[in-house]
Amino acid sequence: MTHQPLWAPSPGAVSAAQLTAFRRSAETAAGRDLSDPADLLAWSVHDLDAFWGMVWDLGVVGDRGATAYRPGSDLTTARFFPDARLNFAENLLAGDALAPGGTQSEAVRFEREDGVCRSLSWDELRARSGAFAAHLVSLGIGVGDRVAAWMPNTPETVIAMLGTTMVGAVFTSTSPDFGVAGVLDRFGQVEPTLLVAADGYVYAGKPQHRLDRIPEVVAGLPTLRGVLVVGELTPEPDLTGIPLARPWNEVVEQATLEPPPFVRLPFDHPGFILYSSGTTGVPKCIVHRGAGILVKHYVEQRLHADIRPGDRVFYFTTCGWMMWNWLTSALAAGATIVLYDGSPFHPAPEHLWDLAAEQHVTLFGTSAKYLDACRKAGLRPRDSHDLSALRTVASTGSPLVVEGFEYVYDAISADIHLASISGGTDLCGCFVGGDPTRPVYAGEIQGPNLGMAVDVFDDAGRSLRGHPGARGELVCTAPFPSMPLEFWHDPDGSKYRAAYFERFDGVWAHGDFASWTEHAGVVIHGRSDATLNAGGVRIGTAEIYRQVERLPEVAESLAIGQVWDDDTRIVLFVRLADGASLDAELVARIRRSLRENCSPRHVPARIVAVTDLPRTRSGKLAELAVADVVHGREVRNIEALANPESLTLFDGLTDLQI
């Protein structure tokens with residue numbers, strides 16, 4: 001890593017940051033100086049009661065109770081705010097009191113790839129969420145019942161979420177690009193009482209119709225009491241043949257029922273069900289406390305991302321990814337959330353940057369893959385777009401490589417906070433992320449988030465702190481409020497414990513392969529379940545991709561470990577740029593790049609060109625699925641893949657038989 005930062009905040013920016021104000025309050029509470037970020041982090045994880053109590057006092061609406069943290073016998077039995085009562089929707093809608101311009105100002109802005117736009121003021125968002133909640137009450141749906149949304153990323157999905165949590169029901173969602181089997185793999189487990197579904201969506205210039213599939217989904221959900229159909233492609237879709245169906249507009253936008261009051265519930269009440277990727281079997285249903293997500297996002301958004309009232313926050317996401325939940329939480333900060341649905345590159349490669357400029361976006365959130373695609377396409381938004389409002393670019397989904405960091409500062413803005421963040425659906429948040437008061441170094445996440453006792457362990461469970469560059473498992477050694485409440489249909493908690501606590505007794509092991517840096521930052525080297533073990537040496541796939549994808553001929557790559565001759569050898573698949581061919585010269589350059597920039601152990605035994613690479617619906621490479629095909633194993637959940645047809649490219653490859 002370079003010893004010179006790519007960016008450092010100005011003294012004025014540091015002084016104005018919400019994190020700085022929080023630190024000063026923490027110094028008063030702790031009775032000591034906490035100006036060193038390491039000291040502030042240590043205080044936040046060693047005095048959980050004081051830290052999380054201060055987070056609540058940033059503006060949470062509800063009855064706090066006397067205690068912010070009560071220890072347990074282990075991480076899973078510790079409790080946060082055991083006497084509190086609050087409502088998730090009430091807190092998000094309270095953002096109208098912070099928003100400049102008040103309740104008539106814009107709360108939600110939506111744009112579809114084909115130019116369709118919708119906007120909601122705070123008053124409109126509150127009224128329509130209340131109308132949805134009233135409809136739930138009329139059906140007898142309330143505390144603890146599940147409401148499911150098979151929806152694109154539209155204002156209607158946000159309204160459904162707010163109305164659901166308003167009455168204490170549990171919200172769960174997935175994106176409309178899932179087929180019927182994928183939807184039922186998820187919603188079928190949690191037995192929803194109401195389904196919200198769109199008649200379709202638009203992607204890459206084409207309408208994708210879903211109306212004819214809704215009856216199949218309804219048939220697979222026998223617990224439903226009602227179905228609301230949103231006309232995304234047609235103003236008044238024909239609901240003939242859809243049991244229990246009513247039009248969204250009739251129920252929500254032409255509502256006659258009085259909105260019910262917010263139902264305040266204990267902190268540990270379930271608010272959301274999210275789903276694991278499902279690449280290793282039927283997706284796990286991860287039950288989250290709404291309140292736990294709320295206070296966790298307070299830390300991430302207000303302190304680490306410095307989101308302020310009146311900001312305009314955008315994240316490229318679907319409703320099947322936890323970043324959708326993260327985006328909607330920005331309402332609680334008094335920010336306007338900017339929703340986008342469609343292809344990020346349609347009708348032109350710079351489309352999302354057009355959106356950022358037109359909507360004066362202050363935080364632009366995306367994936368590392370998107371930034372890399374912009375870099376390879378030669379896009380330079382700073383030369384073509386007015387991004388003067390933009391303060392933060394956030395990147396997640398996969399590790400952002402050095403070149404990605406350099407691209408942001410060269411082609412987007414030289415004076416911007418680049419926050420590479422990493423966490424997961426498991427916590428609906430981040431373990432490590434940005435810090436607007438500290439320098440940004442190429443290839444490094446700036447450090448652990450406050451309140452998160454993050455470390456990196458070797459195989460023996462020993463901390464690698466103080467050993468920059470040494471690689472191991474990313475762990476968390478203390479509880480945090482957005483730990484899952486439970487897994488659905490896991491009454492004794494055995495599946496939950498097996499998922500996180502079997503690797504190291506009593507410590508959360510997240511499944512990321514990571515290392516510390518000399519700046520107290522963190523590098524994520526990829527998922528540890530995708531870590532290669534060639535000749536006894538552990539290798540993160542992300543470090544291979546970084547080197548290989550620097551070559552202009554390689555658009556994308558995927559590496560697996562193939563069992564061969566009583567050992568494991570690395571096989572690298574490459575999707576080439578248009579016009580490129582995998583000739584002997586390119587193979588030699590790939591191998592030379594890995595040997596010189598990584599190590600001889602990183603050099604693949606076989607390099608194979610393919611026309612496509614499989615990925616999950618949130619855009620992550622499906623390395624395990626490819627490994628299953630190569631080894632002749634059944635791929636355990638095809639529905640988790642956005643392009644399952646690509647798996648046929650890896651079946652019976654003669655190059656892998658020698």
inquiry  = What pairs come out if I take residues in the range 177-198 that are under 16 Å from Trp321 (Cα atoms) and surrounded by 24 or more Cβ atoms within 10 Å (Cβ to Cβ) and pair them with residues that are at pLDDT 90 or above and of a type in the set (Val, Ile, Thr) whose C-beta lies under 6 Å away, six or more apart or interchain?
reply    = Val183/Val217; Arg186/Thr174
inquiry  = Of all residues being in a loop (DSSP other than H, G, I, E, B) and touching a residue at least 40 places away in the same chain (Cβ under 8 Å) in the range 199-217, which is farthest from Ala640 (Cα to Cα)? Just the residue, please.
reply    = Gly205
query = Tell me, which helices (runs of 4 or more DSSP H) wholly within the range 87-197 include 1 or more residues that are modelled with pLDDT of 95 or more and under 20 Å from the mean Cα position of the chain (by Cα)?
reply = 88-93, 155-166, 180-190
task = For the range 439-468, name all the residues that are buried (at least 19 other Cβ atoms within 10 Å of the Cβ) and under 15 Å from Pro37 (Cα atoms).
result = Val440, Ile445, Gln446, Gly447, Pro448, Asn449, Leu450, Gly451, Met452, Ala453, Val454
inquiry  = Suppose we keep only residues that are basic (Lys, Arg) and more than 24 Å from Ser395 (Cβ to Cβ) within the range 592-620. Which one would you say is modelled with the lowest pLDDT?
reply    = Arg601
request  = State which residue is nearest to the chain's Cα centre (by Cα) when the search covers only the range 622-652 and only residues that are hydrophobic (A, V, I, L, M, F, W, C) and closer than 13 Å to Leu572 by Cα.
outcome  = Val626
task = Hey, can you tell me all the residues within the range 572-591 that are among the aliphatic types (A, V, I, L, M), surrounded by 10 or more Cβ atoms within 10 Å (Cβ to Cβ) and either part of a helix (DSSP H, G or I) or free of Cβ contacts under 8 Å to residues at least 24 places away in the same chain (or both)?
result = Leu586, Val587, Ala588, Ile590
ask   = Being out of contact with any His (no Cβ under 8 Å at 6 or more places or on another chain), farther than 25 Å from Asn533 by Cβ, of a type outside the set (A, V, I, L, M, F, W, C) and assigned to a loop (DSSP other than H, G, I, E, B), is that true of even one residue in the range 389-411?
value = no
task = Please report, ordered by residue number, the strands (runs of 3 or more DSSP E) entirely within the range 463-558 with at least 2 residues that are among the aliphatic types (A, V, I, L, M) and in contact with an Asp or Glu (Cβ under 9 Å, 6 or more places away or on another chain).
result = 471-476, 508-516, 522-527
ask   = When you scan the range 218-237, how many residues do you find that are farther than 13 Å from Thr193 by Cα, in contact (Cβ under 8 Å) with a residue 60 or more places away in the chain and outside any strand (DSSP E or B)?
value = 1
query = If you scan the range 452-478, which residues turn out to be within 26 Å of Val299 (Cα to Cα) and either of a type in the set (Ser, Thr, Tyr) or out of contact with any strand residue (DSSP E or B) (no Cβ under 8 Å at 6 or more places or on another chain) (or both)?
reply = Ser463, Thr477, Ala478
message = Can you find, within the range 264-281, the residue that is farthest from Pro192 (Cα to Cα) among those that are crowded, with 21+ Cβ neighbours inside 10 Å and at pLDDT 95 or above?
response = Phe267
query = For residues in the range 237-270 being charged (D, E, K, R) and touching a strand residue (DSSP E or B) at 6+ places or on another chain (Cβ under 7 Å), which is nearest to Pro82 (Cα to Cα)?
reply = Asp268
ask   = Limited to the range 198-235, what total is found for residues that are modelled with pLDDT under 95 and more than 30 Å from the chain's Cα centre (by Cα)?
value = 1
task = Exactly one condition in (1) within 29 Å of Gln189 (Cα to Cα); (2) surrounded by fewer than 17 Cβ atoms within 10 Å (Cβ to Cβ) is not met by Pro481; state its number.
result = (2)
message = I'd like to check something: does the range 320-333 contain any residue that is closer than 22 Å to Ser388 by Cβ, outside any helix (DSSP H, G or I), in contact with a strand residue (DSSP E or B) (Cβ under 8 Å, 6 or more places away or on another chain) and modelled with pLDDT of 95 or more?
response = no
ask   = Among all residue pairs at least 6 apart or on different chains, which show Cβ distances below 7 Å where the first residue, located in the range 334-346, is within 28 Å of Gly102 (Cβ to Cβ) and touching a residue at least 60 places away in the same chain (Cβ under 8 Å) and the second is in a loop (DSSP other than H, G, I, E, B) and among the hydrophobic types (A, V, I, L, M, F, W, C)?
value = Gly334/Leu98; Gly334/Ala99; Ala335/Ile307; Val338/Val361; Tyr340/Phe316
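Results for (1) in a loop (DSSP other than H, G, I, E, B); (2) small (Gly, Ala, Ser), shown as yes or no for each residue.
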| residue | (1), (2) |
| --- | --- |
| Ser25 | no, yes |
| Ala66 | yes, yes |
| Asp74 | yes, no |
| Asp83 | yes, no |
ask   = Does Val456 satisfy the criteria of being in a strand (DSSP E or B), more than 21 Å from Val313 (Cα to Cα) and among the hydrophobic types (A, V, I, L, M, F, W, C)?
value = yes
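The values are calculated or read from the model by the stated rules, or taken from the named source; none is laboratory data. Computed from a predicted structure; not experimentally measured. Note: ideal-geometry Cβ built from the backbone for every residue, glycine included; neighbour counts use all protein chains shown.
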